[in-house]
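Here's the structure, in C-alpha cells; my notes come after.
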Amino acid sequence: MTTDYRPDFHARMLKAYDVDEQAENLSHWDQRYTQISPGRFEGALTEAWIGKIQIFRETINQVVRAEGQCWPDSRSFCFPLAMEGTGLFRGQVIGRNSLASMAGGTQMDFRSSPYLDLCSITFDASELQRMACDMAHLELASLLGNDAPVMAISAAAAGRLRLLMTAVV
C-alpha cells in the first residue's frame, strides 16, 4: 500500500553566488534575474511552506531585474525588511514602507535596490479568499480587483509587519 503524503510544513535555507541560481532557488515561481550593477553577486533565500502558504525571505547585494510570475491561482504580497534606496515593482516605486501585491499569472517586473532584504507571503487564492471571508467577512476581489501593484503603508504598520515576519523567517 502506498500513500501520497505531503507534509504540512517544509523549510529550507539556500545561499547563491550566481544570479541565475538565486532565481531558480525559489520553488513554484517562474522567474529570471538579470544583474544590473557590477560586482560579485551574493544572495540568500529562506523559504517555508505551511500547507498552501509559501513564506520566503530573500536577500541580494546587487541591483537585479526580476521578471516572471508567481504560481498560478495564487496571491502574493511582498515588502522590504531593509533596502538601500528604492526599487521599481511593475512600474511603481517601492520603498521601505511599501507593500507590493500581485496575482498568480501576472507578469512581474521588479528592479531591486542595491541591497535588498525582502519578505514575501504567497497564498493559494481560493484559500486566501476563504480565510478573508471567514475571519473578516471581506471579499478580496473587490479590495484587490484593481491589482494596484504597490501600496504605501504607515511606518508604524511597516514596523509591526517587519517584527512579525522577522520572527517567522
Backbone HN-Hα couplings from phi across the stretch 29-41 [Karplus 6.51/-1.76/1.60, Hz, Gly and Pro as x]: 10, 9, 8, 10, 10, 10, 7, 9, 8, x, x, 6, 7
Charge context of Trp71, other residues only, Cβ under 9 angstrom, K/R +1, D/E -1: -3
Selection of GluC sites (Glu not before Pro), the stretch 11-72, meeting DSSP coil and at most 16 other Cβ within 10 Å: Glu42
Gap separating the Cα centres of the stretch 98-127 and the stretch 10-83, nearest whole Å: 10 Å
Ranked Val150, Val168, criterion: other C-beta atoms within 10 Å, fewest first: Val168, Val150
Residue-span extension gain [Arg65 to Ile50] - 0.36 nm each, minus C-alpha spacing: 2.6 nm
Ranked Ile55, Ile36, Ile60, Ile94, criterion: other C-beta atoms within 10 Å, fewest first: Ile36, Ile55, Ile60, Ile94
Shape parameters for the chain, alpha-carbon atoms, Rg then Dmax in Å: 16.1, 56
Cα-derived Rg to Rh of the stretch 1-93, Kirkwood definition: 1.01
Spin-label model distance (nm) - Leu14 vs Arg130, 7 Å beyond Cα toward Cβ: 2.9 nm
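A short reminder: the numbers here are calculations on the coordinates, not readings from a lab. This structure is a prediction, so every number in the text was calculated from the model and none was measured. For neighbour counting, all protein chains shown are included, and Cβ atoms are generated from backbone atoms with ideal geometry for every residue, glycine included.
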